[in-house]
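Following: one structure in C-alpha cells, then a few remarks.
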Amino acid sequence: MKIESRFLIGIGVFFGIIAISYWFTSYEDGGTLMLVGATTLGLVPGAYYFFWHRRFQGSKYFFWGRTDRAVGTRPEDRDDATIADGAGVVSSFPGSSIWPITLAAGAFVLLLAFVFGTWLALVGVSVILIALIGVTAESRRGGRY
Amino acid sequence: MTDVIVPQIAGGEPAYAAAHEEHGPTGLMKWITTTDHKVIGLSYMITSIVLFYIAGLLALGIRVQLTTPHGTFISFQQYNELFTMHGSIMLYLFAGPFAFGGLANYIVPLQIGAPDMAFPRLNALSYWLYLGGSIMMLLTFGVAGGAADFGWVAYAPLSTTTYTPGVGADMWIMALVLTGFSAIFTGVNLITTIFYLRAPGMTMFRMPIFTWNMLVTGILILIAFPVLTAALVMLFADRHFGAKIYAVTGCHTVAGAVDVHACGSAVLWQNLFWFFGHPEVYILALPFFGIVTEIFPVFSRKPVFGYKGMVFATMAIAALSTGVWAHHMFTTGTVLLPFFSLMSLLIAVPTGIKFFNWIGTMWRGQLVYTTAMLMSIGFLFAFLMGGVTGVMLASPPIDFFVHTTYFVVAHFHQVLFGTAVFAGFAGVYYWYPKMFGRMLNERLGKLHFWLLFAGFWVTFIPMYVLGLSGMPRRVASYPTGLGWHVWNDVSTVGSFMIAVSFLVLLVNFWVSWRYPVPAGDNPWDAHTLEWFTTSPPPHHNYTHLPLIRSERPTWDYNHPDAPTIRYDHGRGGHPNGHGPYSGGNGAGPSGHGDGAPGAAEQVPAT
C-alpha cells in the first residue's frame, strides 16, 4: 500500500503545485479549477491508501492506539513473498450475467431520448431500473455460474 | 453460484483442470453475458479494429476527394462529415478503447497474476456502453441532415444549433457521453485491479512496464474524461435547453448592443475540450509505449534497460500532459503562451528518456526481427518524427505560422499512427498467440509491415510540405496553380498503400484461422507472467504461478541458470535462490524442466 499511496499523493502534490503556479501566472479560473480537481483526485484516494497502509502496519497513531487490525505488509507488497503467502480467498468473482448488457441498453435508449423525444426516456429508465434490480438481486443471491 | 477463488498450497497436479472449466453459457450467449476479462477484452479489440477499418475507409474518401484540385468525388457537406467521423472514430472509438479496453483488459490481469478484473460486471458494462456509443455514432450517417460535421473537436460556436442544426450532432454528443462513461469505468477497474489483485511477490516495482503504463493511463482517464463528458453535457444544454455557456448568438439587446451577461464564451469550450484532449493524446500514447516496452526486451533477449527510469518517465509524461492543454489554443490570443510553451517543451525530456531506454534495451542485444519487433521499430521512427515536429509546434512563433494547416495534420497523424497503428498492431502480432493459441503468419506479417511503413511515409511527409506551403486543414477543395496538386497525389498513393497493407492483415487472420499453427504457451521465450499460463489462458487464468522475484518471472522460471542483468536495482545474483532475494524463505521454484510447477502453487477450488 505504501507505493500506491505515495504514487497518488505524488499526483496530488504535483497538480497542487501546478494549480498554484498556473493561478498566479494566469488568473484564469476555468483551468485552475480543473487543476484543483486533479489535485483532489490524487490526494483523496492517496490519503485513503496511506490510512490503510498505516493501519495494516499497526501504527499507534490510528484508531486511538488500537493495533488489532495490524496485518503487516500485504504479500503483493513484499519482495520475498511466496505464492503460498497469498493462500486464502482472493476475492469473489461473479459468473456470467445478462444485466450489464441490459443496463447499457437502457442507458443507450435513455440518451437517445434526449435526441428523439421524452417518451423514449420511459423505456430507457424502465430498462435501467429492471437491470439495477436484477444486478443487485444477483449480487445477493449469487449469479448463475 | 458465485465463483470464489481459493488458492492453496497443493502437493500434486490433479483437480485444477476441473475447477477451471467454465460452466457458463456457450456460443453467442457466452459473448453477451460474459464477465471474463479475456472475452470482454477480445470483444473490445474486435469492435475497435472493425471501427478502425471503417474510419480507414472514410480516410480513403477524404484522400480521393483531395487528389485533384476542385475535387468532385463527394460534396463539401459529405467531406465535412467524412473528416469529422474519421477523427471521431479513430480517436474516441478505436485508439483508446483498443488500448485500455482491449489489450489492457486482456493482458493486465494476466501480467499481475490476477484471476480477473476487480469488477467483472462493471467491466462488461464498460464494453456494452462502448458498443452502444459506437453504434450510435455510426447511426448518425443515416439520420436526416447527416452525421456531425464540425470536426472531432466540435469547436463552439460552430457546434451550436445556429451553425450545426440537426440530429447527427446531438447523437454524436450522446455517443461520446456513453463512451466517456465506459472509459471512466474501465479506468477505475484497471486501477483497482492493479492495486488489489497482484500475485504475492508482484510488488509495484516488479510489474511489467505495460501494466505500469496502464495504471498511469487509468489515472489520466480519470482526470480527463469527466471533463469531456461534462463539457458535452453543457454543449447539449446550450443546443437544446437554452443555456448560454458557449453560445455567442442571441445575446444582443434590442438596441443592438452586446449584453455580456446573456453571452457565453466560445473559448471556454476549447479550454474544457483540450483539458480533456491533451491528456487524451497521452491516453492514446502511453499504453502503446507500454506495448513496445514489452516487445523490445523479449526480441532483444535482454531485460528492459532502465526499468525505474521508464516508470518515472511515464509518470512525468502523464503529469506534464495535464498542464499543456492550451498549446492547442495559442492562436486564440487568450492563453498564457510562456507557461504552456514551457510545459509542452518539457514533455520532450521524459519522452527522450524513453527513447534512450528503448535503444539501450536493444543495444548489443540479440535482435530477432519478428513482425512484432519490426512494428515496434517502425513505431520508433514514426513517433520520433511526430515528436520532433511536436516540439516545433510547442513554440508559439512556429505554431502561429502553421496553425490550422496540413503541417499540424501531418504532425498528429505521425504521432498517432506511430502509437495506435505501429505499436498497436505490434501488440496484436505479439499477443495473438497468447489469445488464440495459434501463430500469425510471419511472412504475411512482414509484408504487412513493409507496405505499411512505406505507405506511412508516402502519405504523411507530403502533408508537411503542403502545410508549409499554406494548405489549410479541413478544406474539401483547393485551386490549381499553388503547387499542391502533386503532393496531394503522392499522399493519396500512400494512403492506398496503407489500405492494401491492412488487407494483408485480414488475409493473415484468415490464414491463421483456416490453417492454424499451434503456438504453445510461450512461443517468443518471453519474460512476463502472462506467458506462464496456457494459450489461450484458462478460466481465471492460472492453475499455478511461479515464484516472483523480478520483473520477469516467466524468464526466471524457464532459465534458472541464466545470469540476470540488473541495470538499476544494484542487487546482483540470480533471483532464483542464489542472490540476496533468496534469504529466509528457501522456497525457490523446484523441478525446472520437467514441467512440474514450482514449490508453491495456486490451486483454486470452488
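The values are calculated or read from the model by the stated rules, or taken from the named source; none is laboratory data. Note that the structure is predicted; figures quoted are calculated from it, not measured. We place every Cβ from the backbone using ideal geometry, glycine too, and count neighbours over all the protein chains shown. For accessibility, only protein heavy atoms count, side chains too; no ligands or nucleic acids. Shrake-Rupley method; radii C 1.70, N 1.55, O 1.52, S 1.80 Å.
Test A:S59 against the stated conditions and say whether it is modelled with pLDDT under 90, at the interface with another protein chain (Cβ under 9 Å from one of its Cβ atoms) and in a loop (DSSP other than H, G, I, E, B). Please lay out each step first, then the result.
On the way: modelled with pLDDT under 90: yes; at the interface with another protein chain (Cβ under 9 Å from one of its Cβ atoms): no; in a loop (DSSP other than H, G, I, E, B): yes.
Answer is no for this residue.
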Residues within the stretch B:230-251 that are open to solvent by less than 10 Å² (accessible area, probe 1.4 Å) and in a helix (DSSP H, G or I), tallied:
4
Between a first residue in the stretch A:6-22 that is at the interface with chain B (Cβ under 10 Å from one of its Cβ atoms) and a second residue that is charged (D, E, K, R), which pairs have beta carbons less than 9 Å apart while being 6 or more apart in sequence or on different chains?
A:Y22/A:E28
Say whether the condition of being away from chain A (no Cβ under 11 Å) and surrounded by fewer than 24 Cβ atoms within 10 Å (Cβ to Cβ) is met by at least one residue in the stretch B:185-197.
no
Before we move on, is B:A59 open to solvent by 20 Å² or more (accessible area, probe 1.4 Å), of a type in the set (G, A, S) and modelled with pLDDT of 95 or more?
yes
So A:M34 fits all but one of (1) among the hydrophobic types (A, V, I, L, M, F, W, C); (2) open to solvent by 70 Å² or more (accessible area, probe 1.4 Å); (3) assigned by TED's automatic domain parsing to the domain that holds A:L8; what number is the exception?
(2)
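Among the helices (runs of 4 or more DSSP H) lying completely within the stretch B:74-175, list those that include at least 1 residues that are within 14 Å of another protein chain (Cβ to nearest Cβ).
Values: elements: B:76-88, B:104-111, B:120-139.
Hits in the stretch B:74-175: B:104-111, B:120-139.
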For the stretch A:92-108, what are the residues that are in a loop (DSSP other than H, G, I, E, B) and either surrounded by 21 or more Cβ atoms within 10 Å (Cβ to Cβ) or more than 7 Å from every other protein chain (Cβ to nearest Cβ) (or both)?
A:P94, A:G95, A:S96, A:S97
Can you tell me which residue is nearest to B:T370 (Cα to Cα) among those in the stretch B:299-309 that are surrounded by fewer than 24 Cβ atoms within 10 Å (Cβ to Cβ) and in contact with a Ser or Thr (Cβ under 9 Å, 6 or more places away or on another chain)?
B:S300
I'm trying to understand the selection: among the residues of the stretch B:111-150, which are over 26 Å from A:I128 (Cα atoms) and in contact (Cβ under 8 Å) with a residue 40 or more places away in the chain?
B:Q111, B:I112, B:G113, B:A114, B:P115, B:F141, B:G146, B:A147, B:A148, B:D149, B:F150
Among the residues of the stretch B:480-518, the number that are closer than 19 Å to B:F73 by Cβ and either among the acidic types (D, E) or not in a helix (DSSP H, G or I) (or both) is 2
State all residues of the stretch B:252-287 that are surrounded by fewer than 21 Cβ atoms within 10 Å (Cβ to Cβ), in contact with a Gly (Cβ under 8 Å, 6 or more places away or on another chain) and away from every other protein chain (no Cβ under 14 Å); if no residue qualifies, say none.
B:A262
Spot the failing condition for B:I219; the list is (1) of a type in the set (A, V, I, L, M, F, W, C); (2) in a helix (DSSP H, G or I); (3) surrounded by fewer than 24 Cβ atoms within 10 Å (Cβ to Cβ); (4) in contact with a Gly (Cβ under 9 Å, 6 or more places away or on another chain), and only one is missed.
(3)
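Hey, among the residues in the stretch A:109-143 that are among the hydroxyl-bearing types (S, T, Y) and outside any loop (DSSP other than H, G, I, E, B), which one's surrounded by the most Cβ atoms within 10 Å (Cβ to Cβ)? Reasoning before the result, please.
Here is the first cut: in the stretch A:109-143, the ones among the hydroxyl-bearing types (S, T, Y) are A:118, A:126, A:136, A:139.
Cutting the leftovers down to outside any loop (DSSP other than H, G, I, E, B) gives us A:126, A:136, A:139.
Details: A:S126: 13, A:T136: 11, A:S139: 15.
It comes out as A:S139.
How many residues are in a helix (DSSP H, G or I), more than 8 Å from every other protein chain (Cβ to nearest Cβ) and more than 25 Å from the chain's Cα centre (by Cα) if we restrict to the stretch A:23-33?
Counting residues in the stretch A:23-33 that are in a helix (DSSP H, G or I), more than 8 Å from every other protein chain (Cβ to nearest Cβ) and more than 25 Å from the chain's Cα centre (by Cα) gives 3.
When you scan the stretch B:341-439 for helices (runs of 4 or more DSSP H) that lie fully inside it, which ones turn up with 2 or more residues that are closer than 26 Å to B:A313 by Cα and basic (K, R)? Let's see the steps before the verdict.
Details: elements: B:371-393, B:396-402, B:406-416, B:424-436.
Ranges flagged: none.
For the stretch B:62-96, give me each residue that is aliphatic (A, V, I, L, M) and either closer than 24 Å to B:L482 by Cβ or open to solvent by 10 Å² or more (accessible area, probe 1.4 Å) (or both). If you could, list the steps in order and put the result at the bottom.
First pass over the stretch B:62-96, keeping only residues aliphatic (A, V, I, L, M): B:62, B:64, B:66, B:74, B:82, B:85, B:89-91, B:93, B:95.
Result: B:I62, B:V64, B:L66, B:I74, B:L82, B:M90, B:L91.
Taking the options B:V511, B:V504, B:V517, B:V475, name whichever one is under 30 Å from B:D149 (Cβ atoms), of a type in the set (A, V, I, L, M, F, W, C) and surrounded by fewer than 20 Cβ atoms within 10 Å (Cβ to Cβ). If you could, list the steps in order and put the result at the bottom.
On the way: B:V511 fails: under 30 Å from B:D149 (Cβ atoms); B:V504 fails: under 30 Å from B:D149 (Cβ atoms); B:V517 fails: under 30 Å from B:D149 (Cβ atoms).
Among B:V511, B:V504, B:V517, B:V475, only B:V475 is under 30 Å from B:D149 (Cβ atoms), of a type in the set (A, V, I, L, M, F, W, C) and surrounded by fewer than 20 Cβ atoms within 10 Å (Cβ to Cβ).
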Among residues of the stretch B:440-459 being within 23 Å of the chain's Cα centre (by Cα) and open to solvent by 10 Å² or more (accessible area, probe 1.4 Å), the residue farthest from B:W487 (Cα to Cα) is B:L440
